[in-house]
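Below: the structure, in structure tokens.
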4 protein chains.
Amino acid sequence: MGNFGRVPVGIVGASGYGGVQLVRLLMDHPEVELVYLGGESSVGKSFASLYPHLAHAVKLSIEEVDPEVIARRCEVVFLSMPNGLACRFVPTLLEKGCKVLDLSADYRFRNLTTYTTWYGVERSDRTTADTAVYGLPELYRDRISEAQLVGCPGSYPTASLLALSPLLKQGLIVPETAIVDAKSGTSGGGREAKTYLLLAEADNSLAPYSVVRHRHTPEIEQICSDLAGHEVTVQFTPHLIPIVRGTLATVYATLRDPGLVGDDLTTIYTAFYRNSPWIKVCESGIYPQTKWAAGSNLCYIGVEVDPRTGRVIVMSAIDNLIKGQAGQAIQCLNIMMGWDETLGLPKMGFYP
Amino acid sequence: MGNFGRVPVGIVGASGYGGVQLVRLLMDHPEVELVYLGGESSVGKSFASLYPHLAHAVKLSIEEVDPEVIARRCEVVFLSMPNGLACRFVPTLLEKGCKVLDLSADYRFRNLTTYTTWYGVERSDRTTADTAVYGLPELYRDRISEAQLVGCPGSYPTASLLALSPLLKQGLIVPETAIVDAKSGTSGGGREAKTYLLLAEADNSLAPYSVVRHRHTPEIEQICSDLAGHEVTVQFTPHLIPIVRGTLATVYATLRDPGLVGDDLTTIYTAFYRNSPWIKVCESGIYPQTKWAAGSNLCYIGVEVDPRTGRVIVMSAIDNLIKGQAGQAIQCLNIMMGWDETLGLPKMGFYP
Amino acid sequence: MGNFGRVPVGIVGASGYGGVQLVRLLMDHPEVELVYLGGESSVGKSFASLYPHLAHAVKLSIEEVDPEVIARRCEVVFLSMPNGLACRFVPTLLEKGCKVLDLSADYRFRNLTTYTTWYGVERSDRTTADTAVYGLPELYRDRISEAQLVGCPGSYPTASLLALSPLLKQGLIVPETAIVDAKSGTSGGGREAKTYLLLAEADNSLAPYSVVRHRHTPEIEQICSDLAGHEVTVQFTPHLIPIVRGTLATVYATLRDPGLVGDDLTTIYTAFYRNSPWIKVCESGIYPQTKWAAGSNLCYIGVEVDPRTGRVIVMSAIDNLIKGQAGQAIQCLNIMMGWDETLGLPKMGFYP
Amino acid sequence: MGNFGRVPVGIVGASGYGGVQLVRLLMDHPEVELVYLGGESSVGKSFASLYPHLAHAVKLSIEEVDPEVIARRCEVVFLSMPNGLACRFVPTLLEKGCKVLDLSADYRFRNLTTYTTWYGVERSDRTTADTAVYGLPELYRDRISEAQLVGCPGSYPTASLLALSPLLKQGLIVPETAIVDAKSGTSGGGREAKTYLLLAEADNSLAPYSVVRHRHTPEIEQICSDLAGHEVTVQFTPHLIPIVRGTLATVYATLRDPGLVGDDLTTIYTAFYRNSPWIKVCESGIYPQTKWAAGSNLCYIGVEVDPRTGRVIVMSAIDNLIKGQAGQAIQCLNIMMGWDETLGLPKMGFYP
């Protein structure tokens, strides 16, 4: 049998964009076999009825979400549901021995009070949440390798934190000067029909939103504080951009040492990510574009220093559905399973 | 008072894209004053809450749709509602003396049986429907000038018929060979949220739909039959294109006289539309693009003959929301009121 | 004669996007008559051969650029050429009595040394340059009204300065904390073929460029310094966005008074722009989108305060080809001629 | 050595979009090793300087094009150059024993007179051209398996012929009624800067071009005639669409047997392509979209019959850079080498 020895995996919430990326990437992964797709609104439908272009490749249908049943069939479960749902199923899945990768916000917070404040969901699974590891492998590779439950960050925190981490970890900037001006494509808003995501509304436009109150702010701050060793407040402003996939973060911060130049920073970033195969630090004077990353699990980072202002400007570009969602979860899985971190993930964007 | 002597007009169904175009164009029209906006789902809301960027220019709110009240306040009423609704209000509006321009399909059909077959709406207003004139001024200018009720065609029939009319009227083609391959932007699908109109779905794609069964087929055929003097069947295939505004029809038909060349046809088209200020026939060898028309009430037409196949190929490009919707209705109004046909309508596209 | 009494105007550099917008807007302007189009590479060509969709509306051809001849025929001249060319013609045009509106960088700088440093063009017209007024009417309306030569700013400085001015003028922020993260569509790059502006390259992407060294930086700083009363350094980062028209500036700065809230700022902005008909300050909690402005001469401004960080975030959205280029020049002309500032300019965007 | 036993391959003309797709796909192909990149304008440059996002993956530089040298290093050569260049190198490459896959028009024509008429290039390599096989595997799989030289069709002929073949081969239609209304994205125009391919020009537009005289017409007719067994003339009209990648052909033809229904045709198509793993015939009532194919080597085909007109409408959607270019060449290589036809090629599009 062709799939002898492959690890059986399942996806709950397979109908959205995160789901379909997981399906596509997992179908190509050499060590896993996709055996279960679960959902709510689409139960009983074939996956092919949701994505007709995959009819030849995916024969599964959407099944009910019963954690007991899932645990019997799957060794690994990806959860790609709206915030506030994963926490209902995860305790059972863990108890039954599954490894769980959650793509929602439910297990990204160390402090559930913060989660409840920003997401409005009361939680009774504190013990479970305490065991979760934040699924950004470039920062938490070791903890992920030993985790049973990983809460994977989405595209904004991923792009923001990969840009900010070397600066904070090494104390190069004044933390409270950090500003993240972030831009993202409309697929990040999901596949559910919403007026502001219509092509006629979003195309040929450019729109800031959730200014000073986006829910990814406390998530970014939590990790920044971790890196800095003290509480850090970050200015985070997201913008909707008329592209399908891609997230760019432009980060500004004031350097502690005004003598540092661009090349110094490039060297520091290159060293910081030396063992991170998915991070590509651009040569000095080269700035990343989202198109470069589209279709791959890569994050491209460009660094510049402005000697006039004493600021560092860092730009990071990812595919929001891959490194910012499905690919990152699979990267985490690779680490959890002891596989090569790059296994089964696309290494080159589909440019143009 | 600045608006002394202006004709009071109202719009029912002002919240959609057709509505907002009507608002914008009527605000700029020198002979009318917009005094009433009506709707269903948005009753009580300010128009500015639906379109914040017009807050400075439009102070009206959406009111209930009571034809008696409308008729007291408006001399002219534009109806921009889903199919099957206008026919409920029009008889009263006419009776009270209003001039009515309906942008839905309700008053486009001479034969209500055809309407009911394709739209699934039973109708009891046959006498009213019999008085309606088809609102394509380039073909029915005289009748429109005397009409009280005009059923304005949408973008597909407008582009298709403006391309086909000279050929049929002058017996230049074998009618049953007529094929219309039509392409249109997503604003034609309206402002209501639908998955297939999301930027993430529609952008960077190209999708045929309603093949062999689109509801504009019988409407196109009705007018073609009128022009040809006998029943004509037309092949009509629409495609969704990732642009906001614009409709292009590419029309194929076999010439009766294989000796005609492109220049002959260009001359014939130019003569046919000599008195139609909104039709621009391109020089030989020039083909129209939708971007040329975007923002104007113009229809650009290019004609080519293939001596190898004996076919004529006609391409017509319009802005689906202006010449294909709101602008055309205002053009009809100008004619009904005895004003210059071009009054208050944009004569140059906003290229690029 | 229909144009009796109209002011004869000419455009040098009519073939680009700035030029075609000027043509379109000036054709619609009730007080001027477009009588001359000049250029270099297209001399002798009809304007219609460059923009076939305007063949019906514009009958002029591109003529040689001889300032003596231009001055005999035109009372007003718009110059829309690459940087470094206008300065060759302007002294003669002024001497012959023309009013001149230059859309290039040549007459935007008070200090020609700064100009030469950033643009690499030596200048011998210091006396002329000293008479130029910076063409941002919201700041320099009075001086423009008396000017014979106006150097109009492009889209980035316009959006940036309209967002920053109230803060600097009233001393509300710490000037050196000002950061402008700017985004603009590809029409700003002009109509000449360049690889990075190809649809296949720019679409579905998002690219920072000229980080820490864009030539609009010193121009922005010059005006900011003017407003602040001392030298101000601004961080300016432009991004290329896959839209045709539109510029958005997202501005960050630290408030001197941490007690100010968003509503305070909205009130301050509304007051500051009370007499500026083209500026629309959004209600609290509403953020502007470039689509709102597209097609109009409006600038929409939204203001937000982050009490957590003590920063103000200001967002300004314009159509880069209108308020950021051709429309602004015409607005300046209106002021220079003593006409209403809004004359002949589009007051509503062509949404969607 | 990791690549022990892999077949060494080279690409001439690697700098364009066809080239970069070949690079990306060949890097992922398990049986080949990319050892040579050649070009003219970029000789001496690193591939990474042309495509910085691939700097980590592709270490090769662009070398001079010397067929003797190429033949010493490569067993297989892909030629991706402008028309009229491949024919200079191919005779030598073949003589030295290379297998050659040409992506230009040079080896697609059985009749070099037709080639010279449409491409304006005189040819002296008739003997070589006579040995070339047309690289559309679904029609010429057997001949490709024995060929040393394959002339691969581009996206328009591929989409058109895959839609038309079953109809012509089985005599189901009146051949002279065949009309192909084709639409394609701008990447088909290449990476060289041309004004009409600028985002500002092509975006939000839709433009027919080369009407009745596109150079793919004789190529399509050659194969159609082959299938029909007699000379066939086809109406072919291309349109430029604002998408990066994707080609859709909408094909119209009159059925000989008016009794056939849509399901019959779907069955016929499914049977015709039974052994063609890259062709996916859609279920009845489902029409293909280019987005489905984007990123894969698949061709999706939908079939519909209009009983009112007696016509069949066939829609085929491909990724113009993969099945319409680089992927198809690799598919041919797989067949030439006796490998599985699907080896190393993407089986699922990167939707959305």
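Structure above, values below:
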{"read-out": "Filtered residues of the stretch B:285-308 (kept if open to solvent by 40 Å² or more (accessible area, probe 1.4 Å) and more than 12 Å from chain C (Cβ to nearest Cβ))", "value": "B:Pro307, B:Arg308"}
{"read-out": "Residue that is farthest from B:Phe89 (Cα to Cα), among those in the stretch B:57-76 that are among the β-branched types (Val, Ile, Thr) and open to solvent by less than 20 Å² (accessible area, probe 1.4 Å)", "value": "B:Val58"}
{"read-out": "Residue check, A:Thr237 within 11 Å of chain C (Cβ to nearest Cβ) and either under 18 Å from the mean Cα position of the chain (by Cα) or modelled with pLDDT under 95 (or both)", "value": "yes"}
{"read-out": "Members of the stretch A:1-24 that are more than 12 Å from A:Ser80 (Cβ to Cβ) and at pLDDT 95 or above", "value": "A:Arg6, A:Val7, A:Pro8, A:Val9, A:Arg24"}
{"read-out": "Test: residue in the stretch A:313-323 that is open to solvent by less than 10 Å² (accessible area, probe 1.4 Å) and either on the phi > 0 side of the Ramachandran plot or more than 14 Å from chain D (Cβ to nearest Cβ) (or both)", "value": "yes"}
{"read-out": "Hits in the stretch C:152-185 - residues which are of a type in the set (Asp, Glu) and either away from chain A (no Cβ under 14 Å) or surrounded by 22 or more Cβ atoms within 10 Å (Cβ to Cβ) (or both)", "value": "C:Asp181"}
{"read-out": "Hits in the stretch B:186-209 (condition: acidic (Asp, Glu) and away from chain D (no Cβ under 14 Å))", "value": "B:Glu192"}
{"read-out": "Filter result for A:Glu219 (in a helix (DSSP H, G or I), buried (at least 24 other Cβ atoms within 10 Å of the Cβ), in contact (Cβ under 8 Å) with a residue 40 or more places away in the chain and in the same structural domain as A:Tyr300 (by TED's automatic domain parsing))", "value": "yes"}
{"read-out": "Single residue of D:Glu31, D:Glu40, D:Glu68, D:Glu63 found to be charged (D, E, K, R) and touching a residue at least 60 places away in the same chain (Cβ under 8 Å)", "value": "D:Glu31"}
{"read-out": "Whichever residue in the stretch B:1-18 is touching a helix residue (DSSP H, G or I) at 6+ places or on another chain (Cβ under 8 Å) and open to solvent by less than 30 Å² (accessible area, probe 1.4 Å) and, among such residues, is nearest to the other protein chains (Cβ to nearest Cβ)", "value": "B:Tyr17"}
{"read-out": "Count - residues of the stretch C:324-342 that are out of contact with any Pro (no Cβ under 7 Å at 6 or more places or on another chain), in a loop (DSSP other than H, G, I, E, B) and away from chain A (no Cβ under 14 Å)", "value": "4"}
{"read-out": "Search result, residues across the stretch D:87-129 that are open to solvent by less than 30 Å² (accessible area, probe 1.4 Å), among the aliphatic types (A, V, I, L, M) and over 19 Å from D:Gly188 (Cα atoms)", "value": "D:Val90, D:Leu93, D:Leu94, D:Val100, D:Leu112, D:Ala129"}
{"read-out": "Residues satisfying the stated conditions in the stretch A:324-347, i.e. open to solvent by less than 10 Å² (accessible area, probe 1.4 Å) and without any contact (Cβ under 8 Å) to a residue 40 or more places away in the chain", "value": "A:Asn334"}
{"read-out": "Cross-chain or 6+ apart pairs with Cβ under 6 Å, the stretch C:243-259 first and over 30 Å from B:Tyr351 (Cα atoms) and within 7 Å of chain A (Cβ to nearest Cβ), then part of a strand (DSSP E or B) and of a type in the set (Lys, Arg)", "value": "C:Tyr252/C:Arg311"}
{"read-out": "Evaluation of A:Ala193 against (1) touching a residue at least 12 places away in the same chain (Cβ under 8 Å); (2) open to solvent by 10 Å² or more (accessible area, probe 1.4 Å); (3) closer than 14 Å to B:Ala202 by Cα (one fails), failing number", "value": "(1)"}
{"read-out": "In the stretch B:260-283, residue farthest from the chain's Cα centre (by Cα) [restricted to those that are more than 20 Å from C:Ala57 (Cβ to Cβ) and buried (at least 16 other Cβ atoms within 10 Å of the Cβ)]", "value": "B:Leu260"}
{"read-out": "Residues located in the stretch B:26-56, provided they are under 25 Å from B:Met337 (Cα atoms) and either open to solvent by less than 10 Å² (accessible area, probe 1.4 Å) or among the polar types (S, T, N, Q) (or both)", "value": "B:Leu26, B:His29, B:Val32, B:Tyr36, B:Leu37, B:Gly38"}
{"read-out": "Residue in the stretch A:19-49 that is farthest from the other protein chains (Cβ to nearest Cβ), counting only those that are closer than 19 Å to A:Cys332 by Cα and part of a loop (DSSP other than H, G, I, E, B)", "value": "A:Glu31"}
{"read-out": "Any hit, the stretch B:220-232, residues being in contact with a strand residue (DSSP E or B) (Cβ under 7 Å, 6 or more places away or on another chain) and within 11 Å of chain D (Cβ to nearest Cβ)", "value": "no"}
{"read-out": "Residue among B:Thr250, B:Thr309 that alone is in contact with a helix residue (DSSP H, G or I) (Cβ under 9 Å, 6 or more places away or on another chain) and part of a loop (DSSP other than H, G, I, E, B)", "value": "B:Thr309"}
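Listed here are the residues, each with its yes/no results for (1) closer than 29 Å to D:Ala200 by Cβ; (2) in the same structural domain as C:Thr267 (by TED's automatic domain parsing).
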position	(1), (2)
C:Asp106	yes, no
C:Arg110	no, no
C:Arg123	no, no
C:Leu136	yes, no
C:Glu146	no, no
C:Ala163	yes, yes
C:Gln170	no, yes
C:Ala178	no, yes
C:Ser187	yes, yes
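The values are calculated or read from the model by the stated rules, or taken from the named source; none is laboratory data. Source: prediction; values computed, not measured. Backbone-built Cβ (ideal geometry, glycine too); neighbour counts: all protein chains shown. When the accessible area is computed, the model is the full protein with side chains, heavy atoms only, and any ligands, DNA or RNA have been set aside. Shrake-Rupley method; radii C 1.70, N 1.55, O 1.52, S 1.80 Å.
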